[in-house]
Every structure is written in structure tokens, then in C-alpha cells.
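The values are calculated or read from the model by the stated rules, or taken from the named source; none is laboratory data. Keep in mind it's a predicted model, so treat the numbers as computed, not measured. Positions of Cβ are backbone-derived with ideal geometry, glycine not excepted, and every protein chain shown enters the neighbour counts. Just so you know, the surface numbers come from the protein's heavy atoms only, side chains and all, with ligands and any DNA or RNA stripped out. Shrake-Rupley method; radii C 1.70, N 1.55, O 1.52, S 1.80 Å.
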Amino acid sequence: MSILVTRPSPAGDDLVRRLRALGREAWSLPLIEFSPGRELQKLPAYLHSLDEGDLAFVLSQHVVEYASAALARESLRWPAQANWFAIGRTSALAFHQASNLPIIYPRDRESSENLLQFAQLQAISGRKALILRGNGGRELLGETLSQRGATVTYCECYQRCKKHYDGAEEAHRWQSRGVKTLVVTSAEMLSQLWAMVPEWYRNTWLLRCRLFVVSERLATQAREAGWQDVRIADNADNDALLRAIQQHEIWDE
């Protein structure tokens, strides 16, 4: 079983290395890359405006990477007066390593819905909520916090940029290499992959591949697009994806 990993570097490269170390044939085709966000220069002021008990959200490890560099340039630290939340384990770990501050995150599945279930996010009327993210995404989080009475501010700390490929050339390459399993970790990348591959290759190869995704919502999108064999990892990090791939291989034996 040859596996094509579409998540961006460095996470995608790491997953490919780990799969190959286990004897699997794996390849990387990153569909997006990252660059500094358009609002990164506003971050120090946004963080300074947070009062004791206000809320701050880290929605990606890439937020931490770009924001930490921006704060270091100004000789600033992450503010300790806010209550910090992360969308998942990977972003929480990155933030804690960068700030040495406590942070709350869902332990089971990485999603806005799970994050919003925390007791600390129920009675929040009158508080400020700062959401650190990429260019768009996680609208449900901000909308729900607003409905609960918080004043929500977004800060785009990084941008996700599409990588451009010749779809027919790539589809031919991966089909000829025997790729029958795909790893896709966001709705944006799933749509990009579907649109990039020409219809003939889509019907004869792409939609016939087994697809590993990281949420029920993404699985639903994949099935609506035409995939039949869709598997869901417990989380969006590489550990969970690796477990899912290994577990389904066992079931298939």
C-alpha cells in the first residue's frame, strides 16, 4: 500500500519519515505552505489589551511559530493574565513550550465543538476573546463566543498559501507509483486536491483511493465529493494518523 501525504511541511515530511521507518511506501505532496499573517504586526497591541480573565485562543502550532518570532523581535512575552485555550494537543504543546504558561485544550478530538464545551467558556459575557489563527477558519468558535456575550477579535498570525501543481502530471505520477491511500487534514486541502486532479484521473484513481481524514465533518465532505472508503483518525496530529493507518491495516489483514 503506497501512501500519499498531502499535509504541509514539516508535519507532512515527518509523517512520511515515520511511515517509511515502519516499512511503508510513503510520499509527500504538500498542498499548502505558510507565510507571515497580514495582521501579525497588530499582535503586541492585541495581547496588551487583554485583561485578567480574558480569553485567548491558539488555533494552530503555526500561530505559535509566527507569533513567538514577532514577540521576540519586540522583546515581549506571552501575557499570563489571560486564560489560554488551544484547539488541540499539538498547538497546546507548542504554546506551552514557547510561553511556559498553562493552556486548556480538548483531550479527545480536536474541534471547535469540543473546545466550546469547557465550563470556562460558558459564562463569558463581557469578556474579550482574542482568536489567533491563519487566514480564515474556525468561524464557529468566534460566532459562538460572540453569541455567549464575548467581544471577539481575530488576529491573522500566518497565511496558508496554495501550492500549484500540474494536476494531470501529478495524478499520473501517483497512480503509476501505486498510491491507493491518501492523507488529507483540512477541508481546504481536500477541495484543492479534488479540483486539481482532472476528471478522468479523479474517477479512475483519486476517488477510488482510501482516504484518511481528521474529523467527522471532513469525512462528510469527502463522501459528498465521491470518496467511498473514508477513515477518521482520532486527532489531527501525526501520532493519531499513524495509529489510524496501522489499525486499519490490521483490520484489513
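The portion of the accessible surface of the chain made up by carbon and sulfur, rounded to a whole percent, is 48 (1.4 Å probe; DNA, RNA and ligands excluded).
Modelled label positions at PHE34 and MET1, each set 7 Å beyond Cα in the direction of Cβ, lie 2.8 nm from each other. Normalised radius of gyration (Cα atoms, divided by 2.2 N^0.38 Å) for segment 74-138: 1.16. Total lysine pairs in the chain at Cα distances under 30 Å, for residues eight or more apart or on different chains: 5.
Using the Cβ atoms and a cut-off under 14 Å, what net charge is assigned to the surroundings of SER28, where Lys and Arg are +1 and Asp and Glu are -1? Around SER28, the surrounding residues sum to +3. Sites listed here are trypsin sites (Lys or Arg not before Pro) in segment 162-202 whose DSSP assignment is loop and whose Cβ has at most 16 other Cβ atoms within 10 Å: LYS163, ARG177. Taking the Cα atoms of the chain, the ratio Rg/Rh between the radius of gyration and the Kirkwood radius comes to 1.00. For GLU170 and ALA119, a Förster radius of 51 Å and the Cβ-Cβ distance give a FRET efficiency of 0.65, rounded to the nearest 0.05. As a rough guide to protection, the peptides 222-228, 34-40 ranked by mean Cβ packing within 10 Å, highest first, stand as 34-40, 222-228. Rounded to 0.05, the FRET efficiency of the THR220 and ALA21 pair, given R0 = 41 Å and the Cβ-Cβ distance, is 0.80. For segment 1-69 versus segment 184-253, the inter-centroid distance based on Cα atoms is 20 Å. Summed over the residues of segment 85-169 and divided among them, the accessible surface reaches 49 Å² per residue at a probe radius of 1.4 Å.
Full extension of the chain between TRP200 and ALA72 gives 41.1 nm of extra length, using 0.36 nm per residue less the Cα-Cα distance. For the set HIS48, HIS248, solvent exposure ranked by accessible area (probe 1.4 Å, protein chains only) runs largest to smallest as HIS48, HIS248. Counting only protein heavy atoms and using a 1.4 Å probe, the accessible area of ASP166 comes to about 90 Å².
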